[in-house]
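Only one structure is covered here, and it is reproduced in the block below.
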Amino acid sequence: MGRGKIEIKKIENPTNRQVTYSKRRSGIMKKAKELTVLCDAQVSLIMFSSTGKFSEYCSPGSDTKAIFDRYQQATGINLWSAQYEKMQNTLKHLKEINHNLRKEIRQRTGEELDGMDIEELRGLEQNLDEAIKLVRHRKLKHSQEAHRSLLRDLDMKDEHPVYGFVDEDPSNYEGALALANGGSHVYAFRVQPSQPNLHGMGYGPHDLRLA
């Protein structure tokens with residue numbers, strides 16, 4: 001018994017549809033190769049599956065572009081004109097954007113203001129005000145971040161002290177309190193080892209005086 005006819009309609013099951021596509025793609029690729037060899041024909045075959053997978057065959061010794069060029073010559077249809085026109089329109093649009101941006105930059109620096117009317121000048125003034133506000137906001141934010149970073153560094157030094165304020169009299173360690181209270185004493189930094197066991201190893205305190 002021969003094979004029954006298959007009704008040609010879309011296969012609804014995605015798995016069955018993909019399996020059928022894979023089998024028939026291999027078959028049509030084989031036929032294209034046979035046609036090329038048996039008949040010395042130039043064949044170009046391009047396929048996209050429903051999932052977007054690309055498959056291609058082109059006769060040896062040729063390429064897809066060359067075959068498309070022959071197609072255009074034979075039919076008089078320009079396959080690239082629409083794409084070329086679209087690219088030209090995109091390029092023109094980008095040039096206009098670039099021209100307007102350069103003009104706006106020159107106007108913000110005080111150039112080419114003669115041809116502007118009152119509304120345009122007001123709009124330019126508003127844009128400049130907004131730009132100034134943005135710059136001030138960024139500077140303020142940067143200063144606040146730097147201030148918080150400095151406070152964190154000072155907190156870390158307070159938790160791990162290495163240096164201490166001392167009076168001109170090395171024996172008067174309470175003189176450090178006078179600095180906080182506006183005292184007029186001259187102080188010095190005293191470098192003290194932070195590890196107690198270093199005191200017995202000859203690492204004594206050293207004064208760095210500030211005049």
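Within this structure, T109 fails the test of being farther than 30 Å from V19 by Cα and modelled with pLDDT of 90 or more.
Just give me the residues in region 44-70 being within 30 Å of K10 (Cβ to Cβ), open to solvent by less than 40 Å² (accessible area, probe 1.4 Å) and without any contact (Cβ under 8 Å) to a residue 24 or more places away in the chain, in sequence order. Answer for region 44-70, where residues must be within 30 Å of K10 (Cβ to Cβ), open to solvent by less than 40 Å² (accessible area, probe 1.4 Å) and without any contact (Cβ under 8 Å) to a residue 24 or more places away in the chain: L45, M47, C58, T64.
If the condition is being under 30 Å from S44 (Cα atoms) and charged (D, E, K, R), then region 70-116 contributes R70, E85, K86. When residues in region 76-111 are screened for being closer than 22 Å to L128 by Cα, open to solvent by 90 Å² or more (accessible area, probe 1.4 Å) and assigned to a loop (DSSP other than H, G, I, E, B), 2 of them pass. Condition test on Q73, is it outside any strand (DSSP E or B), out of contact with any Pro (no Cβ under 8 Å at 6 or more places or on another chain) and in contact (Cβ under 8 Å) with a residue 24 or more places away in the chain? No: the conditions fail for Q73.
Is it the case, given these coordinates, that A41 is in a helix (DSSP H, G or I) and either more than 43 Å from the chain's Cα centre (by Cα) or at pLDDT below 95 (or both)? So A41 fails the test.
The values are calculated or read from the model by the stated rules, or taken from the named source; none is laboratory data. Every value quoted in this text rests on a predicted model; they were computed, and no experiment measured them. In this analysis, Cβ positions are derived from the backbone assuming ideal geometry, glycine residues included, and neighbour counts consider all displayed protein chains. Only protein heavy atoms, including side chains, enter the accessible area calculation; ligands, DNA and RNA are left aside. Shrake-Rupley method; radii C 1.70, N 1.55, O 1.52, S 1.80 Å.
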